[in-house]
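Worksheet: the structure to be examined is printed underneath.
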Amino acid sequence: MKSEFTPPVGKISQIHGKCISLIGNDIDTDRIIPARFLKCINFDSLGESVFEDDRKTLKGIHSFDLEENKNASILIVNSNFGCGSSREHAPQALLRWGIKAIIGESFADIFYSNCIAIGIPCFTLPKNSIQNIQNYIANGILFLEIDLKNSLAKSKDLILNLEIKESSKKMFLSGEWDATSTLLANKILIEKKSNDLPYLNFNKHFC
């Protein structure tokens, strides 16, 4: 069992964690969270079901079942990760399992956007760099410190120059990715604008 889930909030500039590797291209959202779990009324239990069918098929040797990957929080993937349907449940399931950042060769656009919206930075690296990291993990445990401002990831043996869209980086560093916190921080401005809109204040403006 993973520890109690705490969602990310506000500014994100540093991420520290153990890496977990998932090898394979074109891993789609139906594999990340099978369609039968989409009927849930909230996302709370999705972490337990992430890669449910793949894990059953591999009978305990899937990356997300291995004891050495317990409490891992940085996912290393290959190309076109998150392709397929646009279900937001896929990144929500990964987040609730414990994933705080993803480093891969490439990501499906909608999956990428859904990750940004819930506070999971997605970084890219060339194919050979990803393969080197995955080989490293296959032979031992890898902890990375990600410096989002400088797009760097470091361990005792590695220094990685990560790539991330500049617009996404700015959203994480400013906290603007977090729509709820941004709204709460601008409560006074929102109320002022609401009071100025005639269709929200009919009696005030027309009576």
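Please treat every number below as a calculation from the coordinates, not as lab data. Note that this is a predicted model, so its numbers are computed, not measured. Neighbour counts are summed over all protein chains in view; Cβ atoms, including those assigned to glycine, are modelled from backbone coordinates with ideal geometry.
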- Message: I need the peptides 148-154, 77-83 ranked by packing, meaning the mean over residues of other C-beta atoms within 10 angstrom, with the highest value on top.
- Response: 77-83, 148-154
- Query: Between the range 46-91 and the range 2-30, how many Å separate their Cα centres?
  - Reply: 10
- Note on the structure: Exposure-ranked with fewest Cβ neighbours within 10 Å first, F5, F123 stand as F5, F123
- FRET efficiency (N139, D26; Cβ distance; R0 41 Å; to 0.05) is 0.95
- Charge tally for neighbours of D54 with beta carbon under 15 Å away, counting Lys, Arg as +1 and Asp, Glu as -1, is -2
- Message: Only bridges whose two residues both fall in the chain count here: according to DSSP, what percent of them are antiparallel, nearest 5?
- Response: 50
- Message: Can you give the local net charge around S155? Use residues other than it whose beta-carbon is closer than 14 angstrom to its beta-carbon, Lys and Arg +1, Asp and Glu -1.
- Response: 0
- Grab the Cα-Cα distance for H16 and E67, subtract it from 0.36 nm times how many residues apart they are, and report the gain in nm with one decimal. 16.4 nm
- Sequence ranges 62-74, 97-109, ranked by mean other-Cβ count within 10 angstrom, highest first: 97-109, 62-74
- Note on the structure: E145 neighbourhood, Cβ < 13 Å, K/R = +1, D/E = -1, net charge +3
- Query: For the chain, what Kirkwood radius comes out of the mean inverse Cα-Cα distance, in Å?
  - Reply: 18.4
